[in-house]
Amino acid sequence: EDQVTQSPEALRLQEGESSSLNCSYTVSGLRGLFWYRQDPGKGPEFLFTLYSAGEEKEKERLKATLTKKESFLHITAPKPEDSATYLCAVQALINYGQNFVFGPGTRLSVLP
Amino acid sequence: DVKVTQSSRYLVKRTGEKVFLECVQDMDHENMFWYRQDPGLGLRLIYFSYDVKMKEKGDIPEGYSVSREKKERFSLILESTSTNQTSMYLCASSLGLNRSYNSPLHFGNGTRLTVT
C-alpha cells in the first residue's frame, strides 16, 4: 500500500533559523512527488514537483530534494510569512496515474 | 496561472438537506477531483473525473455523487446531508496523462460545510 509520512508534525522556528521538513514515502511506482503549502482556511498551493532521485528544485527560501525513499523541504532563513502547513504528496503509476497519496503535513510556525 | 474556483466558501445546512458544491477551472484541464479534509485524517479523495461525463470513485464515495457535463465544471452532490459530512471540501484539477506525465493538482480555496 502506498504511504506518505511527514516529520515533524509541528515545528517552531525563530526568524532566520534554517531547518528541514521530511517526507518519507513508499509507493509501488513513483510518477511524481509534490510539495504544497496550505494557509489556514485555504486550499493547498502547489510549490514543487520532483520525480527522479537526486533532483532539486528551489523557490525563494525553499529548496526541495528527492531520494528514492524520502524528500526534504529545506527552509533557509525563514520569515514569519513562511508560517503554514506544508504537505507532501506522491502520485503513483497505477489507476491512470490519478492516485495521489497525501501526507498529514508539517505545521510550521516562524516567530519574529 | 491556473484558477480553480469553488462557488461557496462557507455553507451551513441542516441534516437531510441536499447540497450542490460547484467547481470551475479555467485552464482546460482534463482531470478534476473532489477531496475532503479533516483534522487528523488529512486529504481524502471522494471522486475524480478524467473526462466529460466520466467519473471514478475515490476512497470515500459513500453519501456523495458527482456530475461533469462540461470540461471546466465538476459538481459534488450530497443528496441528504448528515453531521459526519461536516468538513472542508476541496476541488482540484490537473492535466490529463496525454498532456503531462506528472501534472500537479491545483486546488481551489475550499468550501467549509457545516451540517447541523
_Other protein chain Cβ atoms within 10 Å, averaged over every residue that makes up B:40-48_ = 4
*Tabulate in residue order the Karplus-calculated ³J(HN,Hα) for the stretch A:85-93, using 6.51 cos²θ - 1.76 cosθ + 1.60 with θ = phi - 60°, rounded to whole Hz; enter x for Gly and Pro.*
9, 10, 10, 10, 9, 10, 10, 8, 7
*Peptide B:98-109, shielding by other chains (average Cβ, 10 Å cutoff)*: 6
*asked:* Are there any chymotrypsin sites (Phe, Trp or Tyr not before Pro) in the stretch B:1-104 that are in a DSSP loop and have at most 16 other Cβ atoms within 10 Å? List them by number.
replied: B:Y101
*Could you estimate the translational diffusion coefficient of the stretch B:49-116 from the Stokes-Einstein equation, with Rh from the Kirkwood formula over C-alpha pairs, at 10 °C and 1.306 mPa s, in whole µm²/s?*
117 µm²/s
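Mind ranking A:K69, A:K57 by accessible surface for me, highest first, 1.4 Å probe?
On the way: A:K69 150, A:K57 75 Å².
So, going from the largest accessible area down, we get A:K69, A:K57.
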_Could you compute how much accessible surface B:T86 exposes when probed at 1.4 Å, giving the result in Å² to the nearest 10?_
50 Å²
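Taking all pairs of distinct Cα atoms, average 1/r, flip it, and tell me the Kirkwood hydrodynamic radius of the protein assembly as shown in Å to one decimal place. Each step should come with its number before you reach the end.
Details: mean 1/r = 0.0552 Å⁻¹.
Hydrodynamic radius (Kirkwood, Cα only) of the protein assembly as shown equals 18.1 Å.
Shielding by partners for A:27-37, please: the mean number of other protein chain Cβ atoms within 10 Å of each residue's Cβ. Before the final figure, lay out each step's value.
Numbers: counts 0, 0, 0, 1, 4, 5, 1, 4, 1, 5, 0.
If you average over the peptide's residues, the count of other-chain Cβ atoms is 2.
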*Give or take rounding to whole Å, what are the principal axis extents of the alpha carbon atoms in the stretch B:4-115, in descending order?*
42, 30, 23
*Could you check how many percent of all C-alpha pairs in the stretch A:13-96 are farther apart than 18 Å?*
43 percent
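The values are calculated or read from the model by the stated rules, or taken from the named source; none is laboratory data. In this text, all values refer to a predicted model and were calculated from it rather than measured experimentally. Here Cβ is always computed from backbone atoms with ideal geometry, including for glycine, and neighbour counts include all displayed protein chains. With ligands, DNA and RNA removed, areas are computed over all heavy atoms of the protein, side chains included. Shrake-Rupley method; radii C 1.70, N 1.55, O 1.52, S 1.80 Å.
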